[in-house]
Structures are given as C-alpha cells and as structure tokens.
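Only one structure is covered here, and it is reproduced in the block below.
The values are calculated or read from the model by the stated rules, or taken from the named source; none is laboratory data. This is a predicted model, so every value here is computed, not measured. Methodologically, a virtual Cβ is constructed for each residue, glycine included, from the backbone with ideal geometry; neighbour enumeration extends over all protein chains shown. What goes into the accessible areas is simple: the full protein's heavy atoms, side chains included, and nothing from ligands, DNA or RNA. Shrake-Rupley method; radii C 1.70, N 1.55, O 1.52, S 1.80 Å.
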Amino acid sequence: MIKIGKPQVKSDATTATLFVDITIDDVCKEVWFRVDKKFEDYLCYERGDAYVIAVLNYAMRNHHDIVSEAPLTEDLYYNIDKYLVDAIAQYNKDFYRPNITADVASEALPCAGAVGTGISCGVDSLHALACQTAMKYKRHNITHLTFNNVGSHGEGEHAEQLYQARLERPRAFAKDYGFEFVASDSNLQNVIIQDHFKSHTYSSIFAVYCLQKLYSVYYYASAGYKYAEFTLEDKPQVCPGSYEMLSLPLFSTHKLRVYSEGEGMSRMTKLKSVVNYAPSYKYLNVCLKEGDNCGKCEKCVRTLLGIDALGMIDKYGEVFDIDYYRKHKKWYLQQMLIQMANEKHDYFEMYPYFKDQITLAMRIKVLPYKIENAVRRMVPRNTWFFRVLKEIEYKMNS
C-alpha cells in the first residue's frame, strides 16, 4: 500500500515548498518540491494529482495499491483509472494494476494560463522552442521555461551538485530571450527509488502537476520514438517515451493540456529546425559530460555530424571546437559507421550526406562491429567468443 497524505505549502524569504508525507509499506517519508517564492501561489496543495502520478510507475512495478487523502482532479483520475493503468498492465504480465482510492474533485482550479516546456539546451528542448514560439496560435506560444531536479541528475548529494552546475545555462537562456524561468528542486528521486530511464515521463509530469495552477499548456520534449515504434511492453532498452502518445493525453485535463512535443520525429528531422533557430548557435549543449560540449562523447559526435550534414557547421563555433572536428573528420565518420553497425538508427539518416567521403579502409575497420552485432543475437555475452570479439574491436578502433 502507498498512502499519500494531504499536500501542504510552506515558505521562507526566498522559496516556497509543496510537501506531503508518503507511506510505503509502513515507512513514512516526506516528499517535497521547491520553487522560487514568486511561484508560491501556483503550488497545488488542493489535489493529490502530482503525487499519484509520481508513484504510479513504482506502484505498477512493485504491486502496490494507492490511497490519496487529497482528492484527485476528475479528468485525471478518470483517465488514469479507466484507461492508462489497464493498458500498461495488459501488456506487461509482471506489472500490477493498482487500485487507486481518492475522492473526486470536479471543480476547476484557478489557472494563470502559462505555456511551459523544459529547457536543457539539448536538441529536444531547443526543437520545442524553435517550433512552439512566435506562432499564430497565441495561447500555445511558450512563455515559461522549466528546469527540474526530479531524477535526470541522479540521486543524493552528487545529483544536487550536478543540478546546480547545469542550472546556469538554462537560466541565462531564459534571461537572454525573455522567458519566465521556473527552476524546481525535489527529493522525489531519493524517496521513490526508480530507474530514471524507466520512469522519466512520470517524474517530469509530477513537476508539472505540482504547479498545475500555473500552466494551461505544457510541452514535454519527446524521447524520439517514431509512431511505428509505439509499444506498451517494458523491454530493457525501451523507456516510457515509447507510449507517450497515449500517456500524455491521459495526463491532460480540460484545464491543462500536455503535449508530446516532437512526437514521431527523428533526430535529424528535429535538427533541421534547430539549425535554423539562431539561439542554438550560442546555447546548444548536448554533452554526456558535465560542462561545455566535449566534442567526443556519443551525443556530441552525433550532433556534430548532423549539423555538418545540414551544412550549418560554421554556425556553431561558440559551442563546439569546429577546427578540431574538421581536422579529425575521418574519426567522426568512423564513429558513424560503428554506430550504424550497432544499429543506432539516428546515424542511418546521416549516412547519405557522407556516403562519398567513406573510404574502403573505413568500411574494413568497422567489420568487427558488424560481426559482433550478428553474433550478439546468437551468442550469450558471457562466452569466451564474445569476449574475443570485443578485444578485436578495441584493438582495431584504438
């Protein structure tokens, strides 16, 4: 049983915090969500919506029912109870269909009408900004940028340090381009222990619903699954993004519409919009490491190749070492072939742009990866033969 108490709000001179006691198997812990004091009036203490969403994935995976002392918004309660949990449980035999007990709240809460989206300065978030601003649809133009600490930065003290280190670039972006900036901190990831890759949709929408009196529209940057890749099955390399075209409409109400921004688009399709969005020339940051783009990690390699393929590489001298990229172009193309051999589909769209630059030596060098990929389907990873293949790969790529 997961029991969610009644949310409350407390504040000091600079911050406001929404908090609630959550009891899981008789262990009670406080879960809090903190924002700048100017957003205090938008924290939603009247409903248990945010916290039910926060624990929902955990409850299905760990076979818990949910009881909320605070009422749930009728639209949201109906959508989750009648459609979402049944659909997910139907396609995953190890998942539990939780019983959710709460009062129903039908009256509308106040809403400031803000339009929000997350801002990491990566391709997905900048695509949202490139496509959802300066539109003729006035009530859908982005007004607020959010940066949340609800799991993507990890757990514990290191997560807090990483969150603080990553915070300044989004804050500066919002200031430079005239958006309201909503930074939030939370201990959710330290109380409801989950694999963020397997729960990011739920924890991110938790942050939205903590401030549901602020937003009328929220764009959640899509995880990049194409429509044909929709699945409710919980496979090892598949995240909840695979069914956001179902879950996000069901996490919407008459007062708050949540969109899967960029839904069904490939990485290259998004990048075509981003390279024509001038703020990206100064702020694009995709690196897997902390700080500025390293230019060598997998995400930096993929982005540099994509930008080059679209003929816009000269625009990104502020965020990438373009001279280094040009001097080591063969290495980058080799990485593309390796990722293609490993069936990383984003690279297949880039290949036609570079086809004439691929040499026979590059193709020969990537053969061990192709062999490994074929063997991977047939040979268990813990066999000596598999280890020999990995050693051959390493020596040929070093």
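Key figures for this structure:
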item: Aspartates and glutamates with Cα under 12 Å of LYS3, excluding same-chain neighbours fewer than 8 positions away; result: ASP21, ASP25, ASP26, GLU30, ASP65, GLU69
item: Vicinal HN-Hα couplings computed from phi for the range 61-69 (Karplus, 6.51 cos²θ - 1.76 cosθ + 1.60; Hz; Gly/Pro x); result: 6, 10, 6, 10, 7, 10, 10, 10, 6
item: Under 27 Å between alpha carbons - lysine pairs in the range 209-318 that sit 8 or more apart or on different chains; result: 27
item: The range 31-130: trypsin sites (Lys or Arg not before Pro) in DSSP coil with no more than 13 other Cβ atoms inside 10 Å; result: LYS93
item: Percent carbon-and-sulfur accessible area, the chain, ignoring ligands, DNA and RNA, probe 1.4 Å; result: 51 percent
item: Solvent exposure ordering (accessible area, 1.4 Å, most first) of ARG267, ARG169; result: ARG169, ARG267
item: Lys, Arg +1 and Asp, Glu -1 on Cβ, resulting dipole of the chain about Cα centre, debye, nearest 20; result: 1780 debye
item: Per residue solvent-accessible surface (Å²) - the chain, probe of 1.4 Å; result: 48 Å²
